[in-house]
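Input: a single structure, listed below in structure tokens.
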Amino acid sequence: MVILKTETSMKKKCMPQPQGFEDSAYPTHVCRLRKSLYGLKQAPRAWNAKFTGHLPALGFTVSHSDPSLCVKRVGLDSVILLLYVDDIILTGSKDSLVQEVIDELSAVFEMKDMGRLTYFLGLQISYHDNGDIFVCQTKYARELLAKAGMDTCRPCTTPCKPHCQLLASEGDSLSDPTIYRSIAGALQYLTFTRPDLCYAVNTVCQYMTQPSYLHFQLVKRILRYIHGTLDHGLTFTSGSWDLHAYSDADWASDVNTRRSTTVFVVYLGNNPVSWQSKKQNSVSRSSTEAEYRALANTTADLAWVRQVLLDLKVFLPQPPTIHCDNLSALALSSTPVYHSRIKHLDIDFHFVRERVQKKDLIMQYIPTEEQVADIFTKELHGPIFLRHCRNLQLSSSAGFEGE
């Protein structure tokens, strides 16, 4: 994999006349920009349209599921291009083919080859001799700890204490909530490579409106946990191409609203590729309802991942599998009879059952103690938490090159 940096140039755009500089003779006219610059609202969109507009001429096909993903196929070989504003990741089945694409792009755009991919948007990438890839955000985490003044704090073993939920109104309000909001927002980006932080970060972000000193203690505990696991990240290994997911819900878990929490984690082989811990939009009247809503969200995410793989010409050997620990929700997904008692789940019911009946999706029961997604639903004790971290392929960077 290589990373490229491009010199951005923008298409012409129009904008309203600046306040205080309106032309009285032409009050309804607009200004046409002769040069678009960084910082303008439409600049990234204009640059993306210009760049992707040239890709079909070079033989690339833009993914239907993700416009930033493009694929070029030459016989049995392929090149994959991932674009983020003016940063590009290129990888392919042959080095010569990748270099050919770089030369073609360089002929159209001013471009700099940054070499092997080791750093991208705050993500650090390292490589092992056996082909494993390690992705972490150690540098970003260190900067966050220094910003919060917690770079010399005492580490702890888990990001949150078990059975420690707070009310939104609990504790004295912070006199200046800016630092709380800034740190909580920065923690969200850290969950890109740290799924073990998802539940804790999701919790503290729910107190953004009026955080208290007690809420800030929860943030500090997360930072203490990060300090003790600075070199941790995700390890991606080669293996089978089976797609499966773990779906779970914590019924009425939010003490403030009694809404349930939807969680899932999607695996490609042994590697987690997508995960979520999110409060549901409305109150569920039963655990089955909460679990089934989580199943619907998991099904939608699986469908998206599957479409991305299809765009990359990767065909799965068997239908995706969802592991769930709620027997009632599993029965509901496969029953051919529609019950009036679940009328309020009409869309989710048909969305999941249709895929199960077409054999595009397999539902499978899993015991609660083996439910990997449990780490996203609640505060866990140390031994259980660490076991689930290992199941998520979380490890340290020891043995990897490129740190």
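Suppose the chain between residue 189 and residue 169 were pulled fully straight at 0.36 nm per residue; how much longer would it get relative to their current alpha carbon spacing?
4.6 nm
Could you calculate the contour length gain from residue 327 to residue 17, that is, 0.36 nm times the residue separation minus the distance between their Cα atoms, to one decimal place in nm?
Extending this stretch completely gives an extra 105.4 nm.
What are the residues whose amide H is under 5 Å from the amide H of residue 212, where those residues sit 5 or more places off or on another chain and H is modelled from the backbone?
Answer set, sorted by chain and number: 174.
Amide H to amide H under 5 Å from residue 273: which residues, 5+ apart in sequence or cross-chain, H placed 1.01 Å off N in plane?
Residues meeting the amide H criterion: 266, 267, 268.
Tell me, what HN-Hα J-couplings in whole Hz come from the Karplus equation 6.51 cos²θ - 1.76 cosθ + 1.60 at θ = phi - 60° for each residue of the stretch 273-289, using x for Gly and Pro?
With the stated coefficients, the stretch 273-289 comes to 10, 7, 8, 7, 9, 9, 6, 5, 6, 9, 6, 9, 8, 8, 5, 4, 4 Hz.
Suppose a student asked you for the relative contact order of the chain, using Cα pairs under 8 Å spaced at least 6 residues apart; what percent would you report?
Rounded, it is 16 percent for the chain.
What is the P(r) of the stretch 48-175, as percent of Cα-Cα pairs per 5 Å bin from 0?
Histogramming the stretch 48-175 at 5 Å steps yields 2, 7, 13, 15, 14, 11, 8, 7, 7, 7, 5, 3, 1, 0 percent.
How much FRET efficiency would the formula 1/(1 + (r/R0)^6) give for residue 181 and residue 66, where r is the Cβ-Cβ distance and R0 is 35 Å, rounded to 0.05?
0.75
Whole-Hz ³J(HN,Hα) for each residue in the stretch 323-333, computed from phi via Karplus 6.51 cos²θ - 1.76 cosθ + 1.60 with θ = phi - 60°, x for glycine and proline: what do you get?
Residue by residue, the stretch 323-333 yields 9, 9, 9, 10, 5, 5, 5, 5, 5, 5, 6 Hz.
Under the rule of at least 5 residues apart or a separate chain, name every residue whose amide H is placed under 5 Å from the amide H of residue 61.
Under 5 Å from the amide H of residue 61 lie the amide H atoms of 71, 72, each far enough along the sequence or on another chain.
R0 = 45 Å: FRET efficiency of residue 30 with residue 54, Cβ-based, nearest 0.05?
0.95
What would the Debye equation give as log₁₀ I(q)/I(0) for the stretch 67-127 at q = 0.14 Å⁻¹, counting only Cα atoms as equal point scatterers?
Taken in order of the listed q values, log10 I(q)/I(0) reads -0.42.
Scan [x] 24.1, 75; [y] 24.3, 83; [z] 26.2, 108 for the value of Rg and Dmax of the Cα atoms in Å calculated from this model and give just the label.
[x]
For the stretch 203-283, what class follows from the C-alpha gyration tensor (a ≥ b ≥ c being the square roots of its eigenvalues): rounded when a/c is under 1.5, otherwise prolate if a/b is larger than b/c, else oblate?
oblate
If R0 is 30 Å, what FRET efficiency do you get for residue 240 and residue 116 from their C-beta distance, rounded to 0.05?
0.65
Short version: ³J(HN,Hα) in whole Hz for each residue of the stretch 222-231, in order, from phi by Karplus 6.51 cos²θ - 1.76 cosθ + 1.60 (θ = phi - 60°), x for Gly and Pro, what are they?
4, 5, 5, 5, 4, 4, x, 10, 4, 8
About its Cα centre, what dipole magnitude does the stretch 108-218 give when the only charges are +1 on Lys and Arg Cβ and -1 on Asp and Glu Cβ, stated in debye to the nearest 20?
100 debye
Which value in Å does the Kirkwood hydrodynamic radius of the stretch 184-342 take, with 1/r averaged over all unlike C-alpha pairs and then inverted?
17.6 Å
Listed here are the pairs 220/279; 161/359; 112/313; 94/359; which of them are more than 31 Å apart at the Cα?
Violating the 31 Å Cα-Cα cut-off are 161/359; 94/359.
Coordinate-derived values only; no laboratory data. This structure is a prediction, so every number in the text was calculated from the model and none was measured. Reconstructed Cβ throughout: ideal geometry from the backbone, glycine too, with neighbour counts over all protein chains shown.
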